[in-house]
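To start, the structure under review is shown below, and the notes come after it.
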Amino acid sequence: MHKELKLTGSGGQGLILAGVILADAALMDGKNAVQSQSYGPEARGGASKAEVIIATGEIDFIKVQNTDMLLCLTQTAYDRYAKDAAALLIVDADIELKYHKPEEVVQIPIIYTAQVTLKRPMVANIVALGAVNARMNLVSKESLKKSVLTRVPKGTEELNEKALELGYSL
């Protein structure tokens, strides 16, 4: 198994943390993983991208070259990265598809679920992680949950656990 992933959106959505959590969970499962990130100069609102490679064998290069899955949480991220289509494209339900037919994309209400169902937009990254892992089966559910609970801010563990479960259900 060798999977190359890009998690994209805007600064402040927690996608870099999501990449760290996913890579950490892969390591817990005995897999190899690397994670890298890039973001704009703005602390919040600028472009943000986390790349994660998970493999059962050696990882020869630490940057994503052949994207197996692209997650887009914002229209800007979709417009910037989706032209180079991934094997699997997962986008927030509010994104206007300009380069793909709806049947080529998994559109799910990630932001809505965080904002309306959980009333906490800050957990959209964890909702997204649950949805991505449910679709791709990258790491064990137990390892992902453990990584989430050890890396989120103290006092938010229960909220983030709910966010992860809702992501799986999407």
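Legend: residues Ser10, Ser38, Ser147, Ser169, sorted from most to least accessible area (1.4 Å probe; ligands, DNA and RNA excluded), read Ser169, Ser38, Ser10, Ser147. Amide H to amide H distances under 5 Å link Gln37 with Glu51, where only residues 5 or more positions off or on other chains count and H is placed in the peptide plane. Looking at the stretch 25-170, the DSSP beta bridges with both ends there are about 55 percent antiparallel. With the whole protein complex present, Met136 retains an accessible surface near 40 Å², based on a 1.4 Å probe. Near Ile59: Cβ cut-off under 12 Å, other residues only, Lys/Arg at +1 and Asp/Glu at -1. The net charge is -1.
Would you compute, from DSSP H runs of 4+ residues alone, the mean residue ellipticity of the chain at 222 nm, taking -39500 (n - 2.57) per run and dividing by the full residue count, rounded to the nearest 500?
Working: 5 runs with 58 residues, N = 170.
Roughly -10500 deg cm²/dmol at 222 nm, from the helical runs in the chain.
Charge tally around Lys145: other residues with Cβ under 13 Å, Lys/Arg +1 each, Asp/Glu -1 each, net -3. Taking Lys and Arg as +1 and Asp and Glu as -1, the other residues whose beta-carbon sits under 9 Å from that of Met136 total +1.
Net charge dipole, the chain: roughly 300 debye, given to the nearest 20, about the Cα centre with Cβ charges of +1 for Lys and Arg and -1 for Asp and Glu.
Only protein heavy atoms count here; under a 1.4 Å probe, Val152 has an accessible surface of about 10 Å².
Each of Ala82, Thr8, Pro102 was placed along the dipole of the chain (beta-carbon charges, centred on the mean Cα), and the one lying farthest toward the positive end is Thr8.
Give me the percent relative contact order of the chain, please, defined on Cα pairs under 8 angstrom at least 6 residues apart.
Working: 344 pairs, mean separation 39.1, N = 170.
Reported relative contact order: 23 percent.
Ordering Arg80, Arg151 by accessible surface, largest first, gives Arg80, Arg151; the 1.4 Å probe counts only protein heavy atoms, with every chain in place. Amide H to amide H, with H built 1.01 Å from N, Cys72 comes under 5 Å of Thr8, Ile90, Val91, Asp92, counting only residues 5 or more places away or on other chains.
The values are calculated or read from the model by the stated rules, or taken from the named source; none is laboratory data. Not measured: the values here are computed from a predicted model. Heads up, the Cβs are rebuilt from the backbone with ideal geometry, glycines too, and the neighbour counts pull from every protein chain shown. Accessible surface areas use protein heavy atoms only, side chains included; no ligands, DNA or RNA. Shrake-Rupley method; radii C 1.70, N 1.55, O 1.52, S 1.80 Å.
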